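The values are calculated or read from the model by the stated rules, or taken from the named source; none is laboratory data. Just so we're clear, the structure is a prediction, and the values are computed from it rather than from any experiment. Virtual Cβ from ideal backbone geometry, glycine too; neighbours counted across all protein chains shown. Ligands, DNA and RNA are stripped out before the accessible areas are found, and what is left, the full protein with its side chains, is counted by its heavy atoms. Shrake-Rupley method; radii C 1.70, N 1.55, O 1.52, S 1.80 Å.
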Amino acid sequence: MRGYFIGAGLAIAVATMATSAMTTQALAQSEIKIGEINSYSLLPAFTEPYRKGWQLAVEEINAAGGIGGKKLVVVSKDDGGKPADAQTAANELVSSENVSMLTGTFLSNIGLAVSDFANQKKVFFLAAEPLTDAITWSKGNRYTFRLRPSNYMQAAMLVEEAAKLPAKRWATIAPNYEYGQSAVAVFKKLMSAKRPDIQWVDEQWPPQGKIDAGPVVQAVAAANPEAILNVTFGADLVKLVREGNTRGLFKGRTVVSFLTGEPEYLDPLKDETPEGWIVTGYPWYAIKTAEHDAFLKAYQAKYNDYPRLGSIVGYQTIKAAAAILAKAGSSDPEKLIAAAEGISMPSPFGEITFRKIDHQSTLGAFTGKTALKDGKGIMVDTAYRKGSDYLPSDAEIEKLRPKD
């Protein structure tokens, strides 16, 4: 009798394990997983709104029936701002979580690290935020696509206005890593092409996140430029603006600045916001289109807060990933690539396309000038610049991008 009960117990245990395995397998078959990596602990000003954006997108996608009837699940990891940790996270997502694709990243050097991993492991990667031109051009590969307008695109938008300035003597301030180096190089190239009369009189390269603003401001002032290109952001930007205001660096000088009009970087400046800077950014309060109104309404209803640029990037990254998966009807990387090349889709900024030639999306950016209103920085004189209008010719891109 004792043997009977032991046998019966074993049978029940085996049956339970089998049922559990079948349930897990059925659940896996009813889900599509996307892996997402970002520098959450390092850059919360951008990545927290970014997370809210992609969470809203997941909610909307699943409420509409998911992807081909399957629930979309995003498995997210924090890279801590370290390329090696990002590659480890990517490997875990692919090998342990069995994700269909990788998405995300913020810093350019981390985006390149994950892109390299994707190329080696033959995994589809949709880069969300990294802006270096290398990710789609000099170090581009068939497995990597990018959502945000690149340094080249944003530089071209800014140069369009900067070239009209009478200033001939220019200085640059940028963080000393891939993003800053890339942004300065392409701005100088495009600006000098339009204005061969200008001189580059000084370059300052503070370490990212560790600017010593006093000596930087002093060195730029000593070079006596008529205009300044700024590429710093986040806490570095706050320190630079404060020190620059104190020492009068910006008085009588025009400043052209990447990203400064994005709320995550403009808002912390508060009443210290310098006026008249030519910037790229996101004036969410001044965009009057049906697509953006729908996004804004949904975002504010869910979070009782206004969106930042990160919110748009997170939202559209997952919307794009879902559109690619739906078109491919498969998680096979080659089918995802075929689906992504040339795909068009709606976005809060209007229709965008992922180009076949370089895997760059045509999402654009807003340009304008900084101003003060009620003790807070805002963007004025804003205009949306379509990404497709600020890219080099196909012939130039073919020279820049390695052959697959």
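Restricting attention to region 304-337 and to residues that are open to solvent by 10 Å² or more (accessible area, probe 1.4 Å) and not in a helix (DSSP H, G or I), the residue that is farthest from S150 (Cα to Cα) turns out to be N304.
Would you mind stating whether G342 is part of a loop (DSSP other than H, G, I, E, B) and without any contact (Cβ under 8 Å) to a residue 40 or more places away in the chain? Give the steps one after another, and end with the answer.
Details: part of a loop (DSSP other than H, G, I, E, B): yes; without any contact (Cβ under 8 Å) to a residue 40 or more places away in the chain: yes.
In short, yes.
For every residue, the table says whether it meets (1) open to solvent by 10 Å² or more (accessible area, probe 1.4 Å); (2) not assigned by the TED database to the domain that holds A134.
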{"site": "P348", "(1), (2)": "no, no"}
{"site": "K356", "(1), (2)": "yes, no"}
{"site": "G377", "(1), (2)": "no, yes"}
{"site": "D381", "(1), (2)": "yes, yes"}
{"site": "Y384", "(1), (2)": "yes, yes"}
{"site": "A395", "(1), (2)": "yes, yes"}
{"site": "K403", "(1), (2)": "yes, yes"}
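Within region 59-84, the set of residues being under 26 Å from S108 (Cβ atoms) and not in a loop (DSSP other than H, G, I, E, B) comprises V74, V75, S76, K77, D78, P83, A84. Could you go through region 394-402 and let me know if any residue there is modelled with pLDDT under 95 and in a loop (DSSP other than H, G, I, E, B). Scanning region 394-402 turns up at least one residue that is modelled with pLDDT under 95 and in a loop (DSSP other than H, G, I, E, B).
For L102, state whether it is in the same structural domain as K33 (by the TED database) and crowded, with 24+ Cβ neighbours inside 10 Å. Yes.
Which number in (1) touching a Gly at 6+ places or on another chain (Cβ under 8 Å); (2) open to solvent by 10 Å² or more (accessible area, probe 1.4 Å); (3) among the β-branched types (V, I, T) marks the one condition that T246 misses? Against the list (1) touching a Gly at 6+ places or on another chain (Cβ under 8 Å); (2) open to solvent by 10 Å² or more (accessible area, probe 1.4 Å); (3) among the β-branched types (V, I, T), T246 comes up short only on (1).
Residue check: P196 meets all listed conditions (1) out of contact with any Asp or Glu (no Cβ under 7 Å at 6 or more places or on another chain); (2) open to solvent by 10 Å² or more (accessible area, probe 1.4 Å); (3) in contact (Cβ under 8 Å) with a residue 12 or more places away in the chain but one, namely (3).
Quick one: which residue in V184, V241, V201 is in contact with a Phe, Trp or Tyr (Cβ under 9 Å, 6 or more places away or on another chain), open to solvent by 30 Å² or more (accessible area, probe 1.4 Å) and either part of a helix (DSSP H, G or I) or over 20 Å from L43 (Cβ atoms) (or both)?
Working: V184 fails: open to solvent by 30 Å² or more (accessible area, probe 1.4 Å); V241 fails: open to solvent by 30 Å² or more (accessible area, probe 1.4 Å).
Every option except V201 fails the conditions.
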